[in-house]
1. Using a cut-off of 10 Å between beta-carbons, work out the net charge of the residues near residue 66 (Lys and Arg +1, Asp and Glu -1, residue 66 not included).
2. What lysines sit close enough to residue 54 to cross-link, taking a C-alpha to C-alpha distance under 23 Å and skipping anything fewer than 8 places away on the same chain?
3. Counting only helical runs of four or more DSSP H residues, what would the 222 nm mean residue ellipticity of the chain come to if each run contributes -39,500 (n - 2.57) and the total is spread over all its residues?
4. Find, among the GluC sites (Glu not before Pro) in the stretch 32-95, those assigned to loop by DSSP (not H, G, I, E, B) with at most 12 other beta-carbon atoms within 10 angstrom.
5. How fast does the chain diffuse by Stokes-Einstein, in µm²/s, taking the Kirkwood radius from C-alpha pairs at 4 °C and 1.567 mPa s?
6. Please list, or write none, the lysines whose alpha carbon is within less than 23 Å of the alpha carbon of residue 3, excluding same-chain residues fewer than 8 places away.
7. If you fit an axis through the alpha-carbon atoms of helix 71-81 and take the longest principal axis of the Cα set of the chain, what angle between them do you get, 0 to 90°, nearest 10?
8. Between 0 and 90 degrees, rounded to the nearest ten: what's the tilt of helix 16-32 against the longest Cα principal axis of the chain?
Amino acid sequence: MRKYETLFILHPSLEEEAVKAGIEKFKGVIENGGGVVDNVDFWGKRKLAYEINKVNEGYYTLINFSANPELPKELDRIFRISDSVIRHLIVNEEK
C-alpha cells in the first residue's frame, strides 16, 4: 500500500453537521475501498486564495491515508460528483 494525502474544500454554505457528514463520507470511501485513514486534520473555514464560482471561502480538510493505487482514482471520481466539494487534490506522499 502507498501513502497518499488529500486536501479538499467544502462549500461555506454547509452547516456544521453537513460538513462533518461530508468528511465522514470521504473517510468511508477510503476505508470501504480497503484503505487505512492515518490522520484527519480539519482546518475549519478559511478564505480562498482566489474566488471560485463566486465563492471566496470554504471548509478545508486534510486526510492522510494508505491505499492501493486504484483507490485514489475512485476517490477523485467521488470528489468530482459531490456538489459540496469546491476543490480537491490527491497526492502521493514522498518517502
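1. Working: positive: 2, 3; negative: 38, 93.
Every neighbour counted, the sum reads 0.
2. Within the straight-line cut-off, residue 54 pairs with 45.
3. Working: 2 runs with 28 residues, N = 95.
Only helices count here, giving -9500 deg cm²/dmol.
4. On the way: sites: 51, 57, 70, 74, 93, 94; in loops: 70, 93, 94.
Sites meeting the loop and neighbour criteria: 70, 93, 94.
5. Reported coefficient: 96 µm²/s.
6. Straight-distance partners of residue 3: 25, 27, 73, 95.
7. Once rounded, one gets 20 degrees.
8. Here the helix axis deviates by roughly 20 degrees.
Taken together, the values in this text are just the output of simple stated rules run on the coordinates, not laboratory data. Note that the coordinates shown come from a computational prediction; the quantities given were computed from them, not determined experimentally. Neighbour counts run over all protein chains shown; Cβ positions are idealised from the backbone, glycine included.
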